[in-house]
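Values in this text are rule-based calculations from the coordinates and carry no lab data. All values reported here derive from a predicted model rather than from experimental measurement. Ideal geometry is used to build each Cβ from the backbone, glycine not excepted, and the neighbour counts take in all protein chains shown.
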Amino acid sequence: MTLYIVRRLLQSVLVVVIMLVLVFVGVYVIGNPVDVMVSTEADQEEFERMVRLLGLDQPLWKQILVYISNLVQGDLGRSFAFSEPALKLVVQRMPATLELVFVAMVMALATGIPLGMYTGLHPDTVPARLIMGTSIIGVSIPNFWQGLMLIFVLAVSWGLFPSGGRGELDTVFGITSSLWTADGWRHVLLPAVNLALFQCTLIIRLVRANVREIVLLDYIRFARAKGLAWRRIVFVHILKNTLVVLITVIGLQLGGLIAYSVVTETVFAWPGMGKLIIDSVYILDRPVIVAYLIVIVMLFITINLIVDVLYSVIDPRIRTARSGGD
Amino acid sequence: MFHTNGAGGELLRIEGLHTEFATRAGTVRAVDGIDLRLRRGEILGLVGESGSGKSVTGFSIIGLLDEPGRVTAGRIVFDGQDLLAAGEPALARLRGSRIAMIFQDPMMTLNPLLRIDTQMIEAIRAHSKVGRDAAWRRARDALGLVGIPSPEERLRAYPHQFSGGMRQRVVIAIAMLHAPDLIIADEPTTALDVTIQAQILHEMQRLRREREMALIWITHDLSVVAGLADRVAVMYAGRIVEQGSVDEVLDTPEHPYTEGLIGSIPSHDAAGGALAQIPGMMPSLIDVGPGCRFRERCPRATHRCRDDDPAPRSTGGERLVSCHHPGSGR
């Protein structure tokens, strides 16, 4: 297991280096951040002073090497725009994003698993067909448009929810979050629904397909031949086997949700990492972009590790294979 | 043999059973009017090739047909109770307690994610109101009964930690938990290698003797039937073409299909020579025309076989044969 984790970490270092080169080249090609940053009245001398200050007069390869050597010492650079440590900016925004993603994921699971089980067990009923039909729409609607519609109908027309931003914060057990306050929940619901809808339809389809496969297997038939109550067959035998597949996908999706909450955060003016990265891309704030991406890579790796551990908790076959293999 | 003929009263009676699968291509008449009787404590070998309807017969009895399978006609009377008229709750009470089933592939029969004790205790508690501890002790004893060493430790294991033969023993132990009157075994030794197969057969013989349970052994392997069963029923294309005591049927087969099956078993005498085969293939069960279903492959077929579907006729004792030209060719 330890060897496995080490291998994973080495892989992630490689990913970070490749990503660094891509971002540096990308930002270099797009333009000079100083163009955006200095005021229009600044003269040429001012401009060049700024370029030298940020180290942008160096050749690209040198900039990358300097960045990496700083990175190894734990310095992810300072934001060009805010002249604050880039990592600090990203980490400050992280709780907001995690909070949003957490609520969205719980929503998607709480609705997706029961609906998926139902449609899988009774595929030919009218409600099942309705759920499946609706879920196709859920997959097809562009996320930003769906967000705008939610704001338009529920926030602007009916005034049920605020149209954007994060609610009041409170600290309980040392965790600061807007989920401790009623106002926080009023704010988080719409963006979370927007983020959850696609996940929910994905989970419905996945669970349904899985359940339909599992009910045909011999061990389900044997469970019925034992005279077990249908309830027990569904909630123990079928559900547990569905979870194995579900956990893989949830793991992948969770990373995706964090990374791609960008659209939802922008539409709902949610002050999370996604909003920060979009703002930083506009002003070519390279250190912040890089810091954000490093954090995302780390999150992905952590989530994948957790998924692997959960896997072996649920599936005994994997448990033995791993303790035998490593 | 122990209590072979006349061991007990009638346990199961099947009359005119029809089981159909409505598919897009048409209705498949998987079981097309069969009659069977089974006494208490009797072992019946149900023999036939793939698709002959032998497994479907088993699933029809226990009420576990896969969609879109339906029993469309007939009666299945188990110990005086009409199973086809019984509702699902009544069937669920019978399943596992009075009628148990064992499947072909022991690798697939146990849930891979649940420990053996979980799977045994849930089966016990489905029919007996006992506490977990009492159920656990019963599970342990049941494993011991089927010859699993150190059952207390093995109860904590997962299915993948057992070999195929041991897994099938666990499955048999589960089937035996409530001392059922009838076990339907659907090719339970087909997936096992020969030595394990012999052990399992021996085990089943012993358990039958001790517990007085009846057994329907579904198989395509006549040699297994020869060593195990009291009576045999040979199925072909959804029908039972011949039934009778094992000795009679295997020694003097009356139906040409039975004869062909026996002839195609490799033997010492013919070593090195070509194996006998039954030419042709089983007809599709979607559009079964008039006449005998075996006629296209039958060496004895005549005009009569083309137009007239032979009904089961007694040829003495319990022997029933569906053929216009019965008789032993041997």
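Please report A:TYR28, B:TYR236 as a ranked list, fewest other C-beta atoms within 10 angstrom at the top and most at the bottom. Could you put the intermediate results ahead of the total?
Details: A:TYR28 15, B:TYR236 28.
With the sparsest Cβ surroundings first, the list reads A:TYR28, B:TYR236.
Under a Gaussian network description of chain B, with springs only between Cα atoms under 10 Å, the residue in B:ALA301, B:ALA274, B:ALA73 that fluctuates furthest is B:ALA274. In plain terms, the C-alpha convex hull of the range B:146-234 casts an average shadow of 6.1 nm² when viewed from every direction. Normalised Debye scattering of the protein assembly as shown at q = 0.06, 0.07, 0.09, 0.10 Å⁻¹ gives log10 I(q)/I(0) of -0.53, -0.66, -0.88, -0.98, counting only Cα atoms as equal scatterers and leaving out solvent.
Using the Karplus relation 6.51 cos²θ - 1.76 cosθ + 1.60 with θ = phi - 60°, the per-residue 3J(HN,Hα) values for the range B:99-105 come to 10, 10, 9, 10, 9, 5, 9 Hz, with x marking Gly and Pro.
With N set to the residue count of the range A:37-119, report its C-alpha Rg divided by 2.2 N^0.38 Å to two decimal places. Dividing the Cα radius of gyration by 2.2 N^0.38 Å gives 1.85.
Based on the Kirkwood radius over alpha-carbon pairs, what value in µm²/s does the Stokes-Einstein equation return for the translational diffusion coefficient of the range A:1-149 at 20 °C and 1.002 mPa s?
103 µm²/s
Annotation: amide H of B:GLY33 within the under-5 Å range of B:LEU17, B:HIS18, B:THR19, sequence separation 5 or more or interchain, hydrogens built in the peptide plane. With the convex hull of its Cα atoms as the shape, the range A:101-143 has an orientation-averaged projected area of 3.2 nm².
Neighbour counts of C-beta atoms inside 10 Å place A:VAL72, B:VAL71, A:VAL288, A:VAL156 in the sequence A:VAL72, A:VAL156, B:VAL71, A:VAL288, starting with the fewest.
Given a Förster distance of 56 Å, report the FRET efficiency between A:TYR282 and A:ASP124 from their Cβ-Cβ distance, rounded to the nearest 0.05. Once rounded, the FRET efficiency stands at 0.65.
A cut-off of 5 Å between modelled amide H atoms, ignoring neighbours fewer than 5 places along the same chain, links B:ASP308 with B:GLY291, B:CYS292. Between B:TYR236 and B:VAL241, the built amide H atoms are under 5 Å apart, and every one of these is 5 or more places off in sequence or on another chain. The shape of the range A:97-173 comes out oblate: with a ≥ b ≥ c from the C-alpha gyration tensor, a/c is at least 1.5 while a/b does not beat b/c. When the alpha-carbon atoms of the range B:1-82 are used, the pair Rg, Dmax equals 14.0, 48 angstrom.
I need the calculated FRET efficiency for the pair B:ASP309 and A:SER140, taking r as the beta carbon distance and R₀ as 51 Å, to the nearest 0.05. Efficiency for this residue pair is about 0.35. Calculated on the Cα set of the range B:68-111, radius of gyration then Dmax: 13.0, 35 Å.
Need one number for chain A: average projected area of the convex hull over its C-alpha atoms, nm². Directional mean of the projected Cα hull area for chain A stands at 22.4 nm². Cβ-to-Cβ counts within 10 Å put A:LEU195, B:LEU222, A:LEU130, A:LEU20 in ascending order as A:LEU130, A:LEU20, B:LEU222, A:LEU195, the fewest first.
Set the Förster distance to 51 Å, then compute FRET efficiency between B:ASP247 and A:ARG231 from the Cβ-Cβ distance, nearest 0.05.
After rounding to 0.05, the efficiency reads 0.60.
The Cα-based radius of gyration of the range B:75-152, divided by its Kirkwood radius, gives an Rg/Rh of 1.03. With the gyration tensor restricted to C-alpha atoms of the range A:1-74, the semi-axes of the equivalent ellipsoid amount to 35, 12, 10 Å, longest first. Remark on the range A:94-229: Rg and Dmax equal 18.9, 57 Å (Cα only). Here the simple spin-label model places points 7 Å from the Cα toward Cβ, and for A:VAL91 and B:GLU203 these points are separated by 6.0 nm. How far is helix B:164-176 tilted, in degrees, relative to the longest principal axis of the Cα atoms in chain B, given as a value from 0 to 90 rounded to the nearest 10? The helix B:164-176 is inclined about 80 degrees to chain B.
Computed on the Cα atoms alone, the convex hull of chain B gives a volume of 150 cubic angstrom per residue. What does the C-alpha gyration tensor say about the overall shape of the range B:42-91? Classify as rounded when a/c is under 1.5, otherwise prolate if a/b is larger than b/c, or oblate. Verdict is oblate for the range B:42-91.
Values of log10 I(q)/I(0) for the range B:110-190 across q = 0.13, 0.14, 0.25 Å⁻¹ run -0.36, -0.42, -1.33, by the Debye formula with one identical scatterer at each alpha carbon and no solvent.
What does the charge count near A:GLN92 come to, summing +1 for each Lys or Arg and -1 for each Asp or Glu among other residues with Cβ under 15 Å from its Cβ?
Taking every Cβ under 15 Å from that of A:GLN92, the sum is 0.
Over the Cα atoms of the range B:162-320, the radius of gyration divided by the Kirkwood radius equals 1.01; this is the Rg/Rh ratio.
Volume per residue for the range A:212-326 equals 145 cubic angstrom (convex hull of Cα atoms).
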